[in-house]
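Q: Pasting in a structure now, in structure tokens, and then I'll have a few things to ask.
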Amino acid sequence: MLQFDPFRDFSRLANEVLNATRAPQAMPMDVYRLGDHYVIEFDLPGVDPDSLDLITENNTLTVRAERKTAVRGSEQSEPSYLAAERPRGTFSRQLMMGEGVNLSGIAADYKDGVLTVTVPVAEEAKPRRVEIGRGGGQRKVIESSTEEANT
């Protein structure tokens with residue numbers, strides 16, 4: 001059984017690029033389907049929730065976040081780092097969304113350093129049961145039961 005995955009091409013491309021460069025990921029994510037929704041979880045520890053920005057435009061979901069330096073010295077004395085492995089600055093990630101998602105129904109929540117974005121599956125992409133005729137030449141017309149068909 002084939003299953004529609006609007007993130008398959010993006011995931012493949014991201015894996016090829018990341019495996020080739022071995023660069024640390026500043027905004028790692030998990031994407032999975034849970035019932036009639038896709039869930040995208042971004043690890044963003046230490047990010048001020050007010051700096052988060054989520055934009056959808058032309059089937060593209062863009063996530064921006066900023067992580068500032070936590071330790072600030074005075075003008076005369078800046079901290080002298082012995083190790084600085086935590087990425088700082090502004091981060092951005094774009095996901096190309098497939099046709100099978102409802103961009104107007106996206107919801108997001110930020111808790112414990114994780115930004116969770118929920119993307120509903122579009123009605124037309126949901127599985128539907130199709131009745132099978134029993135012979136006899138008569139075909140039954142199946143009508144859509146979605147609200148979109150009534151508008």
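The values are calculated or read from the model by the stated rules, or taken from the named source; none is laboratory data. Every value quoted in this text rests on a predicted model; they were computed, and no experiment measured them. Neighbour counts run over all protein chains shown; Cβ positions are idealised from the backbone, glycine included.
Q: Quick one: what pairs do we get from the stretch 58-84, first residue farther than 20 Å from residue 46 by Cα and of a type in the set (S, T, N, Q), second loosely packed, with under 11 Cβ neighbours inside 10 Å and modelled with pLDDT under 85, C-beta under 8 Å, 6+ apart or different chains?
A: 59/99
Q: State whether one or more residues within the stretch 122-129 are in contact with a Lys or Arg (Cβ under 7 Å, 6 or more places away or on another chain) and either closer than 28 Å to residue 46 by Cα or not in a strand (DSSP E or B) (or both).
A: no
Q: With respect to the numbered conditions (1) more than 30 Å from residue 128 (Cβ to Cβ); (2) surrounded by 14 or more Cβ atoms within 10 Å (Cβ to Cβ); (3) small (Gly, Ala, Ser), which one is the sole condition not fulfilled by residue 83?
A: For residue 83, the failing item is (2).
Q: Find all pairs meeting these conditions: Cβ atoms under 6 angstrom apart; at least six residues apart or on different chains; first residue within the stretch 104-130 and aliphatic (A, V, I, L, M) and loosely packed, with under 12 Cβ neighbours inside 10 Å; second residue at pLDDT 85 or above and part of a strand (DSSP E or B).
A: From residues that are aliphatic (A, V, I, L, M) and loosely packed, with under 12 Cβ neighbours inside 10 Å, the pairs are 107/118.
Q: Continuing with this model, one more query. Please name all residue pairs, on different chains or six or more residues apart, with Cβ atoms under 7 Å, provided the first residue is in the stretch 39-52 and is aromatic (Phe, Trp, Tyr) and the second residue is assigned to a loop (DSSP other than H, G, I, E, B).
A: The qualifying pairs are 42/27.
Q: Another question, if that's okay. Taking the residues in the stretch 56-68 that are surrounded by fewer than 14 Cβ atoms within 10 Å (Cβ to Cβ) and in contact with a Lys or Arg (Cβ under 8 Å, 6 or more places away or on another chain) as candidates, determine which candidate is nearest to residue 126 (Cα to Cα).
A: Ranking the qualifying residues of the stretch 56-68, first place goes to 62.
Q: For residue 69, indicate whether it is modelled with pLDDT of 90 or more and either more than 15 Å from residue 27 (Cα to Cα) or small (Gly, Ala, Ser) (or both).
A: Here the answer is no, as residue 69 does not meet what is asked.
Q: Further, regarding this structure: Answer yes or no as to whether residue 50 is assigned to a helix (DSSP H, G or I) and either loosely packed, with under 10 Cβ neighbours inside 10 Å or at pLDDT 80 or above (or both).
A: For residue 50, the condition - assigned to a helix (DSSP H, G or I) and either loosely packed, with under 10 Cβ neighbours inside 10 Å or at pLDDT 80 or above (or both) - is met.
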